[in-house]
Amino acid sequence: MATDSDSQPTFSPGRKWSIGFDVVLRTAVVLAVVSMLIYVSGRYPLRHHLSDQTRIELSPLTINLLRSITNEVKVILYYDKDDRLYSSVASLAHEYRSVNPRLKVVTVDYRWDPGAAQKLKAAYKLSEAADEKEKNIVIFDSLGRSKLVNGNTLAEFKLEQIPSEEEREFRRRLTAFNGERKFNEALLAVTSPKQLKAYFLQGHGEHDPRSGDELAGYLKFATILEQNDIRYDVLSLFGPNPVPADCNLLIVAGPTAGIPEAELEKIGKYLDEGGRLFALFNSAARDRRSGLERVLARRGVLVGESEVRDPTHALKVVDVVVGAFSQHPVVKPLLGNNLDLIMPRPVGPAKDSGPDAPKVEVIAASEPTAVLVGDPAARPQRFPLAVAVEKLGPRGVATERGAMRMVVVGDSYFLANTAIELYANRDFAELAINWLLDRSELLEGVGPRAVTEFRLTLTRAQLQTVQWILLAAMPGTILALGGLVWLRRRK
């Protein structure tokens, strides 16, 4: 005998109408979201970004630099807030402030606040720098010193064609955001106690810091100096010219001809006074010794004449991928990374050194599988390829330039315009420079990396297909499922 409960419907009419209303409401919400997405895609057609970064992550080097700043720094964003880069620039500035509250970030939108814009232009003399094409500027100000960063230098764009089945269209695609490097450069300019200067020795076949040649030019290396607020110039020691008094760093990069004895004596005198030397050799001059080898040998560094090869650790036959680093400050941040040296020569400490000799430490070496070219009988072994040298003056005696420091590497081509972008070559150059100049705040971690961007590009026909899927298939499926549930419950 059936009970009364068996004859009762599963849901009351009111409950059924409630379920139906819920399905309709949810469908309406989905349609509203889809409509907003379509509206956005209509405002910004055919451009969809998928970024791997939900927030700006500062490099360890930047964080350490920010923590070293003890003065108040005003960061003024003289910017059009509708500019496509403004949100990235503002986010970066506020991320800097979150690390060090001594940075005060202010935005002046010259389009909507002309009064404040005029005051700012008068205070920083922006009438010349901010013309109609270059209005967006970031200003760093500390203790009366200011540095202007042109907004056009914060990003790199590439003109590319938009996939279209109707007509040819082009757009400027963002390929790199350089904000962190430019911000660090400006911070160093307004907070460093004094302007530092480096000189490139020239006249003996060295790499030219003004050259854009991909294989031999040192223009990108020179740019690294500028990014670290270091001015540079070329130097000739011919005739009576000494190493200038304002030389904080002497760079001798890959000499391929002999350096006259008189010039070598000037370099030796500069080192004895506590000078800083970045010396780089290459295999092209292994048979034509420059003479600088003798200067270094008297200070505990031996530069070999042969060429190191390691086919098991190479991108090509002529290079050596180096990953064996010491704990020295120049290379400690590079642990876990690699350098790519091109036909390097061995560089290591001398075996016999007196008690007053400089301290020579191997900072980079090959793997044990390396061999010397031209010596087939030699067993594979680990060869030193770069050293760091330091000599403190006698106690109570102050040298003219401070403590003598050197970084000597058996290759110079790895810092040329193309090779400097391989592996951690750029980071090594930056770390070596800052250790030589005794800037410890810039030795913790490596520098900023390029922003990675993922892009999904659709033709108009493909975009229409996606829109119909979003408009019809997804809501239709939800409606169909909701209807089936409602009919089943009704039965």
Condition check for Leu422: closer than 16 Å to Asn228 by Cα and modelled with pLDDT under 95: no
Any pair with Cβ under 7 angstrom, 6 or more apart, that starts in region 354-381 at a residue that is over 18 Å from Pro344 (Cα atoms) and ends at one that is in a strand (DSSP E or B) and among the charged types (D, E, K, R): Pro358/Glu390; Pro358/Lys391; Lys359/Glu390; Lys359/Lys391
Options Asp310, Asp233, Asp246: the member that is in contact with an Asp or Glu (Cβ under 8 Å, 6 or more places away or on another chain) and of a type in the set (Asp, Glu): Asp310
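Given the residues Pro311, Pro255, which is the only one that is surrounded by 16 or more Cβ atoms within 10 Å (Cβ to Cβ), farther than 14 Å from Val389 by Cα and free of Cβ contacts under 8 Å to residues at least 60 places away in the same chain?
Pro255
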Neighbours by Cβ (under 9 Å, 6+ apart or cross-chain): first from region 282-296, more than 14 Å from Ser412 (Cβ to Cβ); second part of a helix (DSSP H, G or I) and among the acidic types (Asp, Glu): Gly291/Glu261; Gly291/Glu263; Val295/Glu265
Close pairs from region 414-435: first within 19 Å of Gln327 (Cβ to Cβ) and not assigned by TED's automatic domain parsing to the domain that holds Pro209, partner at pLDDT 95 or above and in a loop (DSSP other than H, G, I, E, B), Cβ under 6 Å, at least 6 apart: none
Residues located in region 72-122, provided they are under 20 Å from Leu61 (Cβ atoms), touching an Asp or Glu at 6+ places or on another chain (Cβ under 9 Å) and without any contact (Cβ under 8 Å) to a residue 40 or more places away in the chain: Arg102, Leu103
Residue match in region 228-245 (condition: over 25 Å from Asp272 (Cα atoms), free of Cβ contacts under 8 Å to residues at least 24 places away in the same chain and either of a type outside the set (Gly, Ala, Ser) or part of a loop (DSSP other than H, G, I, E, B) (or both)): no
Test result for Gly239, assigned by TED's automatic domain parsing to the domain that holds Met343 and either buried (at least 16 other Cβ atoms within 10 Å of the Cβ) or in contact with a Cys (Cβ under 8 Å, 6 or more places away or on another chain) (or both): no
Residues within region 139-194 that are modelled with pLDDT of 90 or more, β-branched (Val, Ile, Thr) and assigned to a strand (DSSP E or B), tallied: 2
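The values are calculated or read from the model by the stated rules, or taken from the named source; none is laboratory data. All values reported here derive from a predicted model rather than from experimental measurement. Backbone-built Cβ (ideal geometry, glycine too); neighbour counts: all protein chains shown.
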